[in-house]
Every structure is written in structure tokens, then in C-alpha cells.
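The values are calculated or read from the model by the stated rules, or taken from the named source; none is laboratory data. Source: prediction; values computed, not measured. When we count neighbours, we look across all protein chains shown, and the Cβ atoms used for this are built from the backbone with ideal geometry, even at glycine.
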Amino acid sequence: MRRSGVTWTTVGLVLLAVVAVFLAFAALRSTRGTPAPKPSGSALATPNDEQKSDEDKKPNVTPSMSDALPETIEPPLLMVDTKVAYRGGTGTCLGGASLDRTTNGGNAWRPLEVPAEAILDIRTTGVDSVEVIGADDRCRVRMWTSADQGTTWSAPTPVSGIFVRLPDTTRDIATPSGIVKSPCPDRDIAPLAVGEVSPTEGVVLCSSGEVITTADGGLTWQAQTPVVGAQAISFEGPLLGWVLLRDGGRCPGLETQVTQDGGTAWEFGGCVGPTRIEDDRVLPSLSFATPTDGWADLAGQSYLSSDAGLTWQLPS
């Protein structure tokens, strides 16, 4: 009897082992048949992902994008003529932009509806026509147009072939040749200003005062004579340009310097305003409509020049 019991016990243990092996094998096959979940943020593309355009795959705006448009950039300013001008507050891809218009030489400004989350540039093709280059709520560069001085705006449209800062990075700028690295020495600091001189010529003012130009749509860049302390820039053609300079030592407010050779040499122009801007984070703006007619905005106060920046007056 004892021997028989040992035999049945042994058989039972063998059967249990076989069942355990069978269950383990079944579990392994079940695991192999279930695909592993894709980790969050994975670069792997599904068939649906491959069918999406780059615009569709762009993530929603996050607060970190606001860092790419710091306060220390030249606010947009456009002088149409001696009476009409537009000025903007840049804002960020999260909003906060502003837009004002004057039709009486800066004596009074009227706030306008802001079509963009951020304003990068303001342009015109006539007295009543104005264009805003800015960022939409997904931080994409777009253009809005108005034929009634900014009272109403068109739907946003993609834009290319222009010189403009990108709203979601400090290191790159848009040019007619495509998106290129900032030509400034410190590429981690956003340029103070990016300006278009012509369809192929552009200028960049760096935070350290470097003036860098291109004549081939942004393919190559040439460093001009720097103007340390420059905070705003405006070119009226490839040779004639101005900067607004803080702490130049010759003016109680801001100082203008002018170049007539594309930035190779700079000369003292004139003084703007009786005092400097108290907040170092607030930059002035500068715009010239003709080689003689200029507009400067110093923290909301307008000054006009009719002699190429040699003298500046308050609105009359």
C-alpha cells in the first residue's frame, strides 16, 4: 500500500507540472499576440500619421512658446506717411498682441482689432491697405490683410518669401530662401529686429549691436560695422539706414545714427526725446516712409522727423 501511494503521488506531481507548463505556454502566446503600447511622444509613425500633413502634426501651443518672443525685441511700427502710422505690441503665440492706428500724425491713436496672437511685422501697399504678419493660435506664421485701415481683416493665409522672426524659436528666422539659423553671434538670444529691405535684401540687428545684412535672400550674410547699444533699426533701401541708440553719450534721450553705405560706416544723426526710456526691457521702434520722413516711438510717445533723422519733433 505504501508503494502504491508513492506511485500515485508521483503521478499527481507530474500531471501538475504538465498543466503548469501548458498554462505558461498559453500565456506566452497571448502576450506575443498583443502589440506593445506606443510610448508617449514616440517618433514612430502609424499609417494615419503618415497621411497627415506637417501642419496637422504640429502640436498645440504650450506656454513654453511664449519664451521665443521676449519683450526685448523692437515692437512693430509702420509709418505710411506723415499722418498715418500703425504700431503694435508683439505679444506671444499665447496672445497679448495689440495694434493701434493714428491718422493725425500721432496726436491720437485708435486701438484696432488684433487679428493675430502675436504681431511680427506690419506692412502696407497703400494708404488704406495694411498687412499684419503674425502668429496664429498654433504658432504658425500667417498674414492678415485689411483694405480699410485695419477695421476689418481677411482670413489668415500662409506666407513665404519674407524676412521675419519666427514666433516659436529664438535661433531661426524666415527668409526668402527658407528658414535659416540666426546670423547673430549668440544664436540663443533672439535678434532685436529682422527687417526686409527688398524682396532679396534683409537686415538683422543683434542684441549685442551687430548689424548683419544679406543680398541673396538669406543664403549668405555679411557683418557690417556694429552699433553697440542700438535697439531699433530701419532701412530705406540697401544703402540708407538708421538705428536708435541708447546711452550714446550725446543725447539726453535716444540717439540716431545713420549709414549711407549699407552699414559700413555710421554717423551721428540727431537726438530723440528729452529723456531715455526708464525700463530697459522696453525697446523703441523706428520706421521711415521715405528717405527724409521718419517716425520713432519711445514707449508710446511719438516723434517725427522730416530731415532724415537730424531733428525730431512731437506731433503738432
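D100 versus (1) acidic (D, E); (2) in a strand (DSSP E or B); (3) within 17 Å of the chain's Cα centre (by Cα): which is the lone unmet condition?
Of everything listed in (1) acidic (D, E); (2) in a strand (DSSP E or B); (3) within 17 Å of the chain's Cα centre (by Cα), D100 misses just condition (3).
With P167, P185 as the choices, which residue is farther than 24 Å from A308 by Cα, buried (at least 22 other Cβ atoms within 10 Å of the Cβ) and modelled with pLDDT under 95?
The match here is P167.
Looking only at strands (runs of 3 or more DSSP E) that lie completely in region 215-315, which have at least 1 residues being of a type in the set (A, V, I, L, M) and in contact (Cβ under 8 Å) with a residue 60 or more places away in the chain?
230-235, 285-288, 294-298, 301-305
For region 237-258, does any single residue satisfy the condition of being among the β-branched types (V, I, T), surrounded by fewer than 20 Cβ atoms within 10 Å (Cβ to Cβ) and in contact with a strand residue (DSSP E or B) (Cβ under 6 Å, 6 or more places away or on another chain)?
yes
Which of the residues that make up region 160-212 are among the aliphatic types (A, V, I, L, M) and part of a loop (DSSP other than H, G, I, E, B)?
Across region 160-212, the qualifying residues are I162, L166, I189, A190, L192, V197.
So G161 ticks every box in (1) in contact (Cβ under 8 Å) with a residue 60 or more places away in the chain; (2) surrounded by fewer than 18 Cβ atoms within 10 Å (Cβ to Cβ); (3) of a type outside the set (V, I, T); (4) under 23 Å from G237 (Cα atoms) but one. Which box is left unticked?
(1)
Would you pick out the residues in region 110-139 that are more than 20 Å from I173 (Cβ to Cβ), part of a loop (DSSP other than H, G, I, E, B) and touching a Lys or Arg at 6+ places or on another chain (Cβ under 7 Å)?
L112
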